[in-house]
Each structure stands twice: as structure tokens, then as C-alpha cells.
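See below for the structure under consideration.
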Amino acid sequence: MFTVETIPGGMMPTNCFLLTDSETRHCAVIDPGFWDHRLEAALEGKHIAAILLTHGHFDHILGTAAVQKKTGAPVWMLRQEEAFLTDPQLNLSGMMGLSIAPFSAARLLEDGEEIAIGAGKLQVLHTPGHTAGSCCYLGDEVLFTGDTLMAGSAGRTDFPTGNWAALSRSLHRLSEIPGDRKVYSGHGPATTLQKERMGNPYMRDSGYDFMD
């Protein structure tokens, strides 16, 4: 079982998550889009097994180098998103006049791959649409959706590599996950998968657009 601490911050603001395996106390940091005293304090004394990225926009990666320096943890992300780490046009830092401290991904993940955080497991789901390499992380009770799915909403598709038809297919894939999960997204409050199935217009069949 995992426990989740939500740490919002940055200019957007963005939700950074500290995921902890209850058995081993090993942790993962998900989407460190900023670095501040609150995040630094949350990491103190923790065994950080990995830094997981849902996608490569600046507001989800800006604090990654600092977290890596603090913890020594490797960065894991979907293979299709790797170019975002070094391209200011793709990660939008150029548009914002920002500079991202350099870092690299130690492990490039594939769709359907299972990753371990301590004794806990997460499945990697490639969910393109917000960006071509956006992904979600699925556990027995949790789902981390980045900017693919948010409470009552979904990610925008007007930035580089965004695609509405792809996002629609990704939302449909999430809607078909059996059972319910607590959903932790990149922005806004936590929700549940069942609540989004029932009330999110982007998750209902009438909202799907499969045209390329």
C-alpha cells in the first residue's frame, strides 16, 4: 500500500507528490516542478528510490535537478518524452524566459511496464495528448495523471506535440481501468476515477473525438 503527500508549489501552481511504500518506507517523488523549503523539508530523511515524471513541461520538471542533488535519486520517465528535457521550445521554458538546471533520465520507461517503489508496484501507462509522451502511473489504489486528467477537466492540447484526438483516446483508456482509484493530477484537487467517469465531460463517451 502507498501513502501520498501532496506538495503544491511553483508559479502555476503544480502538485508534486511524495509517494511512500508503507512496508519499506521507500519513496518516489512525482513531478517536482519547483524547489522550495516545503519540498526540501518533506524530503528530509526519506529514502527516495526514484523521481518519476509524467511529462516534460517546465512546471513539472523545474525542480528535478535540485531534488536529484538533495536525494541522489534517478529520474524515470517515458521514452517518448526524453527530448523535452533539453529543448526549451518543447518544455515551454523558453516561452516563460526560464532556465532549467540540466539533468538526464537514468531510466526510460515503456507503456505497460511495471516499476517497483519498495514493495509497491506501479504500472506505466502511455497517455499521449497533452504531450506526445505524457504518461500516468497506476497503482492498486492510486492513479497519477499529470496533465492528462484533472478534476472535472483534462489537459490542453495547443502546446507542441499536443493532440486532441490522442488525448481523447487516452481519457477513454483511463475510463476503462477496472474499479476505482484515487486520482492525483498535476493541478488542482485530488478526485476519484469513478467521480470523473460520472461527471467529467471529457471522460464521457460524448466527449470523445477519435478523428486524427
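The values are calculated or read from the model by the stated rules, or taken from the named source; none is laboratory data. The structure displayed is predicted, hence computed values, not measured ones. Cβ coordinates were reconstructed from backbone atoms using ideal geometry, including for glycine residues, and neighbour counts include every protein chain displayed.
If you go through the stretch 2-34, how many residues are surrounded by fewer than 18 Cβ atoms within 10 Å (Cβ to Cβ) and at positive phi?
1
Enumerate the pairs (first residue in the stretch 140-169 and under 15 Å from K195 (Cα atoms); second residue anywhere and surrounded by 20 or more Cβ atoms within 10 Å (Cβ to Cβ) and among the charged types (D, E, K, R)) with beta-carbon separation below 7 Å, excluding pairs fewer than 6 apart on the same chain, so at least 6 apart or on different chains.
So the pair list comes out as E141/R181; V142/R181; L143/R181; L149/E196.
Conditions (1) modelled with pLDDT under 95; (2) within 18 Å of F144 (Cβ to Cβ); (3) of a type in the set (A, V, I, L, M), marked per residue:
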site: G10; (1), (2), (3): no, yes, no
site: E23; (1), (2), (3): no, no, no
site: A28; (1), (2), (3): no, yes, yes
site: P32; (1), (2), (3): no, yes, no
site: A50; (1), (2), (3): no, yes, yes
site: L78; (1), (2), (3): no, yes, yes
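M1 fails exactly one of the following numbered conditions: (1) modelled with pLDDT of 95 or more; (2) farther than 18 Å from S99 by Cα. What is the number of that condition?
For M1, the failing item is (1).
Return the residues of the stretch 46-86 that are crowded, with 20+ Cβ neighbours inside 10 Å and either aromatic (F, W, Y) or in contact with a Pro (Cβ under 7 Å, 6 or more places away or on another chain) (or both); say none if nothing qualifies.
A50, I51, F58, G63, T64, V67, W76, F84
Can S134 be described as modelled with pLDDT of 95 or more, crowded, with 18+ Cβ neighbours inside 10 Å, touching a helix residue (DSSP H, G or I) at 6+ places or on another chain (Cβ under 9 Å) and within 23 Å of S93 (Cβ to Cβ)?
So S134 passes the test.
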